[in-house]
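What follows is a single structure, written as structure tokens, with notes after it.
Computed from the coordinates by the stated procedures, all read-outs in this text should not be read as laboratory data. Given the structure is predicted, the values throughout are model-derived calculations rather than measurements. Counting neighbours? That spans all protein chains shown, and the Cβs are built from the backbone with ideal geometry, glycine included.
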Amino acid sequence: MSFADALAQVLAREGGWYPGDRPSDPNPTMQGIIQRTYDAYRDERRLPHRSVQQIEESEVAAIYRMKYWIPIRGEDLPPQTAIAVFDMAVNSGPVQAIKTLQMTIGATPDGLMGPSTIAHVAAFNDAALVQDFLWQRVAFYARLCRAKPIKLPELPGWLRRLELLREVVR
């Protein structure tokens with residue numbers, strides 16, 4: 001799976017501009033990138049801060065590659081699994097996405113995408129693995145909502161995102 005293909009799939013489920021006007025989600029966001037992530041990206045390049053609403057496509061791609069695709073080693077995963085893990089990395093962070101994958105394959109969930117995890121993944125059928133992974137993701141969201149009820153309003157959107165993703169990875 002190429003990064004460009006995976007990025008196109010993830011961006012299809014990411015919204016455009018969100019002003020961060022809900023107590024449960026106060027982060028201004030554009031194409032899934034929150035303001036503080038964009039500020040950090042611009043700081044690294046010694047560029048002045050500006051609204052994430054002004055983010056350029058090249059910046060979106062660079063942030064997604066650096067923050068989410070590389071940590072999950074997307075190019076080393078089977079295609080459907082790569083899309084599903086990448087999507088969760090964007091939504092919940094790469095460490096949680098990797099832990100969820102590791103729980104799905106019966107590996108120790110350390111949040112690191114090392115050679116052992118890659119080898120474990122290779123032993124599974126891609127289509128079956130990705131479906132099991134998506135169910136593990138539902139379980140993660142359920143645990144999160146039980147632990148932090150403030151996240152409960154987000155649950156319908158997260159589940160809708162999973163349904164859209166299921167259609168892509170069938």
Two decimals is fine: what is log10 I(q)/I(0) at q = 0.12 Å⁻¹ for the chain, from a Debye sum with one equal scatterer on every Cα and no solvent?
-> -0.54
Normalised by the number of residues in the chain, what is the relative contact order in percent for Cα pairs under 8 Å and 6+ residues apart?
-> 19 percent
Whole-angstrom gap from the stretch 103-170 to the stretch 79-95, using each part's C-alpha centre = 8 Å
Cα to Cα, under 18 Å, and not fewer than 8 places away if on the same chain: which lysines meet these conditions relative to LYS99?
-> LYS67
Around LEU165: net Lys/Arg minus Asp/Glu count, Cβ-Cβ under 11 Å = +3
Rounded to whole Å and sorted largest first, list the principal axis extents of the Cα atoms in the stretch 41-139.
-> 46, 24, 21
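Considering only the other residues whose Cβ falls under 13 Å of the Cβ of ARG45, what net charge follows from Lys and Arg at +1 and Asp and Glu at -1?
Neighbour charge sum, excluding ARG45 itself: -2.
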Taking K and R as +1 and D and E as -1, what net charge do the other residues with C-beta under 13 Å from the C-beta of TYR68 add up to?
-> 0
